[in-house]
Amino acid sequence: MVLILKLLIGLCWISVTASAALPAQKDELVYRHVEDGAPSSVDPLHIQNTYANSLVTAIYDTLYEYKYLKQPFELKPNLAASMPKVSEDGLVYTFKLKSGVKFTDDPAFKDGKGREVVAEDFVYSLKRHFIKSNRSNGKWLWQGRIKGLDKWGQESGGYQKEVDGIKALDRFTVQVTLVKPFPQFLYTLALGYAAIVPREADEKYGKQISVHPVGSGPFVLESLSSTKAVLVKNSAYRKEIFDIELHGYEEAKHGSTGIAKLSGKQLPLVDQVEVSYIKQPSSLWNSFTKGNEIQYGWVPTVQLDQVLASRQPLKLKKDFSDRFHMRVASDFGYVYLEFNMNDSSIGYHKDPEQNKRNHALRCAIRKGFDWQNRIDRMYHGIGEAFPGIIPPGVDGFDPSLSRESVELDVNGAKQLLKKHNWNAKTLPNLYYSGVNSVDFRKFFVQFRSWMSRIGYPKEKVKLKTFATFGDYSKAIKDGRLMTHSMGWGLDYPDAENVLQLYYGPNKSPGSNSSNFNNSEYNEIYRQASAMQPSVKRTELYKKANKILIDECVVIAGFSRTRVHLWHKNVSMYPTREVLGNYFKYVNVKPL
Amino acid sequence: MGKQGDTRNTAQTLSRTTPIESLWSLSLKKFCTDKIGIASLFVVLVYSLIALGVSLGLWANEWDELLNEQGYGPISWDYWLGTNFNGQDIFQRAVYSTLTAFKVGLVVSLCSLWLGVCLGSVAGFYSNTWLDELIIWLYGCLDSIPFYLFVAAVSFALKESDIAMYVSMIGVLWTSSCKVVRGQVIKLKSLEFVEAARAIGVKDHKIIVRHIMPNLAPLILIEFSLSFVTAIKTEAILSFLGLGVRDGISWGVMLSEASAEVVAGRYHNFIAASVFMFGLVMAFNQLSDALQDALDPKKVVQR
């Protein structure tokens with residue numbers, strides 16, 4: 001009897017304490033975000049997409065980060081105490097780290113208490129990319145750029161062995177020596193790849209660090225699955241005040257977002273961030289409009305007519321404008337269709353005459369490519385294609401460049417094919433490849449129809465599909481595809497990041513998936529990539545872009561426009577490119 | 001017709017005394033009295049004609065042309081069910097999909113039946129031997145995996161192959177006909193005409209092919225109609241998931257395109273594909289029921 005009584009009292013006590021805990025949870029500010037793809041790893045070594053970059057930069061610290069609202073993008077110190085000291089020749093960078101910043105508590109550390117982040121951690125984190133067995137995705141950023149680092153990786157003499165090019169001068173000072181000037185170097189230090197990982201966690205968790213990150217950033221990863229990631233506020237996060245002026249706040253542009261009220265507040269602003277990964281646009285839209293689920297989303301193409309009151313200017317219908325904030329923004333990147341120059345049926349050919357015919361064939365396909373139709377059908381009908389690969393807003397973009405390469409010219413295409421003796425019999429099978437999906441099939445149907453208009457037999461325009469993006473990506477890297485459609489998001493706001501995609505030595509399995517190899521282009525790239533921003537560099541960028549257009553190696557480009565929406569009780573200014581580390585600026589007002 | 005081979009002698013002897021109407025004749029008479037069965041057969045024939053017309057290029061030739069530059073378009077004289085996202089004629093696409101359905105249905109049901117009948121006959125004829133055990137074990141294993149999961153997994157595993165969908169469906173659908181055939185063969189092999197064939201030294205494989213298999217015809221017909229329907233439905237599911245038809249159109253592909261559209265209040269694709277598929281599946285199901293009734297010897301004899 002006494003035992004039963006004790007049990008009852010115990011149960012009562014548990015229920016009372018549990019109910020007492022509930023109000024505290026209710027007071028927590030939770031921001032519910034959404035992405036249309038999921039990360040497979042949050043190890044800085046294995047970032048594969050912007051979804052992973054968003055999480056990595058929220059969990060780990062990087063030396064630098066982008067100002068939240070500033071356009072064009074501008075860097076500011078994050079874990080670094082200030083901007084670096086750079087030698088006159090642009091080869092030696094000296095960074096000072098903030099003191100007193102600690103990693104989050106974790107069993108990997110002595111007594112489970114997070115220790116202070118020091119200069120050696122940065123050195124260790126960069127070296128990690130060059131350990132061959134780590135199979136880093138981010139190694140290319142620094143490959144051949146930092147003195148002695150490549151050699152260190154090849155010799156694999158262990159972390160103890162020093163590298164001439166990266167040294168911890170004292171507890172909080174790092175010095176990096178470059179092989180040649182690399183003006184984009186600082187940008188690379190704002191990427192998730194450059195996140196600072198404690199050695200203890202790497203050693204304790206090994207490959208499991210991909211799902212068990214230990215960082216010093218504003219959030220801690222609570223859970224990660226293919227459908228959801230949960231980040232909770234890092235209670236020990238250093239003092240960081242939201243200075244909206246520093247971050248480029250403009251009343252006219254950002255006034256309606258409520259960000260002004262957040263000035264002077266300690267970051268991060270919310271207690272928890274839940275990121276849902278929803279690929280299906282209709283599911284995403286339903287979840288967003290429901291009201292009590294995701295608080296940020298975007299308008300799916302098929303919904304546009306139901307949501308917009310007008311497209312020029314872009315306005316929401318009242319029902320939606322009453323409930324949601326809106327921002328229309330172009331991706332910081334572009335979509336394109338690329339030819340594989342190693343495929344002798346359309347690319348380089350040892351016979352000079354056939355080489356010319358292949359060039360004409362590529363140009364004819366480009367002339368038949370109907371950008372306006374694609375934009376109207378697939379991208380809301382908002383935006384305009386631009387010639388070449390340098391998107392508007394990036395140094396090197398030339399607004400005066402001829403638009404011929406992005407304009408539909410069916411007759412021109414037909415004439416070109418006829419002139420070079422291409423006809424229904426001689427034309428090769430044209431393979432259009434991508435990941436099998438409803439949208440991809442729509443792309444293909446469009447493409448085949450356009451090709452039909454320029455005289456390409458329908459049965460010769462073939463579809464090649466892959467079940468996953470990984471398989472597709474691998475086929476591209478292996479150079480197995482005749483053409484491939486892709487989107488490229490700039491890693492940093494510099495045209496060098498897109499021009500390197502066509503630099504000969506970067507050929508497959510490197511980033512140059514087209515296997516384009518042009519000596520003049522290569523020389524221009526080599527020169528420009530080592531130059532600081534200048535008029536001369538801009539001219540070189542333009543020249544390189546022009547070569548790509550003349551060679552018809554890629555059908556480009558278009559920066560996709562997205563109609564971002566977010567709930568009225570959320571203060572934010574959405575973007576998903578380049579930036580990273582933006583969850584800390586988001587605030588949610590309790591309903 | 002009826003029981004063939006050595007049973008002919010027995011049948012002929014009997015027919016000299018009392019005229020016997022064959023099972024096929026009786027079944028046909030019974031089927032003709034089944035109004036739903038006749039209506040279903042008519043619907044199936046209409047669909048077959050549609051598919052034949054498509055394959056001969058008589059209609060729905062512009063199913064993948066971007067006809068309407070505006071993209072979505074309403075129902076009109078030019079576009080009987082409107083146009084889709086890409087400005088393609090939804091009616092033509094739904095009509096063309098009939099050919100896809102018949103292709104998939106015929107290929108899958110014929111191949112799976114062939115496999116099922118062969119293995120089922122062997123298992124039944126050699127029942128209680130290791131061969132029988134092996135075949136039972138094989139279909140037991142396959143049956144233990146949920147059908148749609150298995151088919152989706154195999155299609156995914158063979159992702160780059162154009163025949164992935166066919167292989168995955170045939171790989172599973174044979175088991176049902178195998179089980180039914182095995183049971184029937186066990187029953188048949190103990191009948192006198194098989195005993196007689198054995199007695200005069202006919203080899204096993206000849207007994208199976210010449211004497212047993214012809215007697216399985218009614219069963220095979222019913223199994224064919226069932227697996228045809230299953231194949232069409234499975235194709236729709238696989239295509240919806242992006243694992244079915246890759247370069248072409250099917251009702252599954254149309255439904256998959258419609259998944260985002262219905263939320264936006266655009267139902268044309270959804271309704272067209274659903275109605276066309278519903279009509280064929282329903283007709284085949286009813287036809288299958290009618291055939292089962294008509295070919296069931298017990299029910300035929302009751303008349």
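The values are calculated or read from the model by the stated rules, or taken from the named source; none is laboratory data. No experiment lies behind these values; they were computed from the predicted model shown. Cβ atoms come from the backbone with ideal geometry, glycine included; neighbour counts cover every protein chain shown. Just so you know, the surface numbers come from the protein's heavy atoms only, side chains and all, with ligands and any DNA or RNA stripped out. Shrake-Rupley method; radii C 1.70, N 1.55, O 1.52, S 1.80 Å.
Output the number of residues of the stretch A:165-206 satisfying the condition of being under 20 Å from A:ILE59 (Cβ atoms), assigned to a helix (DSSP H, G or I) and touching a residue at least 40 places away in the same chain (Cβ under 8 Å).
Summing the residues that are under 20 Å from A:ILE59 (Cβ atoms), assigned to a helix (DSSP H, G or I) and touching a residue at least 40 places away in the same chain (Cβ under 8 Å) in the stretch A:165-206 gives 11.
Given the conditions (1) open to solvent by 20 Å² or more (accessible area, probe 1.4 Å); (2) without any contact (Cβ under 8 Å) to a residue 60 or more places away in the chain, and given that A:GLY479 satisfies all but one, which numbered condition is not satisfied?
The failed condition is (2).
Quick one: count up the residues across the stretch B:69-107 that are assigned to a helix (DSSP H, G or I) and either of a type outside the set (Gly, Ala, Ser) or within 13 Å of another protein chain (Cβ to nearest Cβ) (or both).
Here the count works out to 14.
Mind listing whichever residues of the stretch B:189-215 are of a type in the set (Val, Ile, Thr) and crowded, with 16+ Cβ neighbours inside 10 Å?
B:VAL194, B:VAL202, B:ILE207, B:ILE208, B:ILE212
Read through the list (1) modelled with pLDDT of 95 or more; (2) outside any loop (DSSP other than H, G, I, E, B); (3) among the hydrophobic types (A, V, I, L, M, F, W, C), then give the number of the only condition that A:TRP285 fails.
(1)
When A:SER287 is evaluated against the numbered criteria (1) open to solvent by 30 Å² or more (accessible area, probe 1.4 Å); (2) within 13 Å of another protein chain (Cβ to nearest Cβ); (3) small (Gly, Ala, Ser), which criterion, by number, is the only one it fails?
Of (1) open to solvent by 30 Å² or more (accessible area, probe 1.4 Å); (2) within 13 Å of another protein chain (Cβ to nearest Cβ); (3) small (Gly, Ala, Ser), only one is false for A:SER287: (1).
Among the residues that make up the stretch A:300-316, is at least one of them in a loop (DSSP other than H, G, I, E, B), touching a Gly at 6+ places or on another chain (Cβ under 8 Å) and either within 17 Å of A:VAL570 (Cβ to Cβ) or away from chain B (no Cβ under 11 Å) (or both)?
Yes: one or more hits.
Taking the conditions exactly as written (buried (at least 16 other Cβ atoms within 10 Å of the Cβ) and within 16 Å of the chain's Cα centre (by Cα)), does B:ALA164 satisfy them or not?
Against the criterion (buried (at least 16 other Cβ atoms within 10 Å of the Cβ) and within 16 Å of the chain's Cα centre (by Cα)), B:ALA164 does not qualify.
So which residues in the stretch A:252-282 are within 14 Å of chain B (Cβ to nearest Cβ) and either over 23 Å from the mean Cα position of the chain (by Cα) or not polar (S, T, N, Q) (or both)?
A:ILE278, A:LYS279, A:PRO281, A:SER282
In the stretch A:464-476, how many residues are surrounded by fewer than 20 Cβ atoms within 10 Å (Cβ to Cβ), within 12 Å of chain B (Cβ to nearest Cβ) and at pLDDT below 90?
Summing the residues that are surrounded by fewer than 20 Cβ atoms within 10 Å (Cβ to Cβ), within 12 Å of chain B (Cβ to nearest Cβ) and at pLDDT below 90 in the stretch A:464-476 gives 5.
List the residue pairs whose Cβ atoms are under 6 Å apart, where the first residue sits in the stretch A:97-121 and is hydroxyl-bearing (Ser, Thr, Tyr), the second is surrounded by 17 or more Cβ atoms within 10 Å (Cβ to Cβ), and the two are 6 or more positions apart or on different chains.
A:SER99/A:PHE172; A:THR104/A:GLY114; A:THR104/A:VAL220; A:THR104/A:ASN234
Give the residue that is least open to solvent (accessible area, probe 1.4 Å), with candidates limited to residues of the stretch A:156-194 that are basic (Lys, Arg) and under 22 Å from A:ALA80 (Cα atoms).
A:LYS167
Report, by residue number, each residue of the stretch A:115-155 that is open to solvent by 20 Å² or more (accessible area, probe 1.4 Å), assigned to a helix (DSSP H, G or I) and either more than 21 Å from A:TYR187 (Cα to Cα) or modelled with pLDDT under 90 (or both).
Within the stretch A:115-155, A:LYS132, A:SER133, A:ASN134, A:TRP140, A:LYS151, A:GLN154, A:GLU155 meet the criteria.
Could you list all residues from the stretch A:207-224 that are polar (S, T, N, Q), over 14 Å from A:ALA52 (Cβ atoms) and not in a strand (DSSP E or B)?
Scanning the stretch A:207-224 gives A:GLN208, A:SER216.
Conditions: (1) over 14 Å from B:SER109 (Cβ atoms); (2) surrounded by 20 or more Cβ atoms within 10 Å (Cβ to Cβ). B:ILE186 meets all but one. Number of the miss?
Of the numbered conditions (1) over 14 Å from B:SER109 (Cβ atoms); (2) surrounded by 20 or more Cβ atoms within 10 Å (Cβ to Cβ), the odd one out for B:ILE186 is (2).
Determine whether the stretch A:399-420 contains at least one residue that is in contact with a His (Cβ under 9 Å, 6 or more places away or on another chain), buried (at least 18 other Cβ atoms within 10 Å of the Cβ) and not polar (S, T, N, Q).
Checking the stretch A:399-420: at least one residue is in contact with a His (Cβ under 9 Å, 6 or more places away or on another chain), buried (at least 18 other Cβ atoms within 10 Å of the Cβ) and not polar (S, T, N, Q).
Can you name every residue in the stretch B:49-68 that is under 27 Å from B:TYR267 (Cα atoms), of a type in the set (Gly, Ala, Ser) and either within 14 Å of chain A (Cβ to nearest Cβ) or in contact with a helix residue (DSSP H, G or I) (Cβ under 7 Å, 6 or more places away or on another chain) (or both)?
Of everything in the stretch B:49-68, those that are under 27 Å from B:TYR267 (Cα atoms), of a type in the set (Gly, Ala, Ser) and either within 14 Å of chain A (Cβ to nearest Cβ) or in contact with a helix residue (DSSP H, G or I) (Cβ under 7 Å, 6 or more places away or on another chain) (or both) turn out to be B:ALA51, B:ALA60.
Test B:LEU291 against the criterion of being more than 12 Å from chain A (Cβ to nearest Cβ), touching a residue at least 24 places away in the same chain (Cβ under 8 Å) and open to solvent by 60 Å² or more (accessible area, probe 1.4 Å), and give yes or no.
Taking the combined requirement at face value, the residue does not satisfy it.
Within the stretch B:241-264, can you find the residues that are surrounded by fewer than 24 Cβ atoms within 10 Å (Cβ to Cβ), more than 8 Å from chain A (Cβ to nearest Cβ) and assigned to a helix (DSSP H, G or I)?
Of everything in the stretch B:241-264, just one residue is surrounded by fewer than 24 Cβ atoms within 10 Å (Cβ to Cβ), more than 8 Å from chain A (Cβ to nearest Cβ) and assigned to a helix (DSSP H, G or I), namely B:LEU255.
Can you tell me which residue in the stretch A:223-263 is nearest to A:ARG115 (Cα to Cα), limited to those that are open to solvent by 50 Å² or more (accessible area, probe 1.4 Å) and among the hydrophobic types (A, V, I, L, M, F, W, C)?
Restricting to residues being open to solvent by 50 Å² or more (accessible area, probe 1.4 Å) and among the hydrophobic types (A, V, I, L, M, F, W, C), the top hit is A:ALA236.
Picking from B:LEU280, B:LEU238, which residue would you name as being buried (at least 21 other Cβ atoms within 10 Å of the Cβ), away from every other protein chain (no Cβ under 14 Å) and of a type in the set (A, V, I, L, M, F, W, C)?
B:LEU280
Using the structure shown, decide if A:PHE320 is within 14 Å of another protein chain (Cβ to nearest Cβ), among the aromatic types (Phe, Trp, Tyr), touching a residue at least 24 places away in the same chain (Cβ under 8 Å) and farther than 19 Å from A:ARG560 by Cα.
For A:PHE320, the condition - within 14 Å of another protein chain (Cβ to nearest Cβ), among the aromatic types (Phe, Trp, Tyr), touching a residue at least 24 places away in the same chain (Cβ under 8 Å) and farther than 19 Å from A:ARG560 by Cα - is met.
A:LYS460 is checked against (1) open to solvent by 20 Å² or more (accessible area, probe 1.4 Å); (2) in contact with a Gly (Cβ under 9 Å, 6 or more places away or on another chain); (3) within 14 Å of another protein chain (Cβ to nearest Cβ); (4) modelled with pLDDT of 90 or more and fails just one. What number does that condition carry?
(2) is the only condition that A:LYS460 fails.
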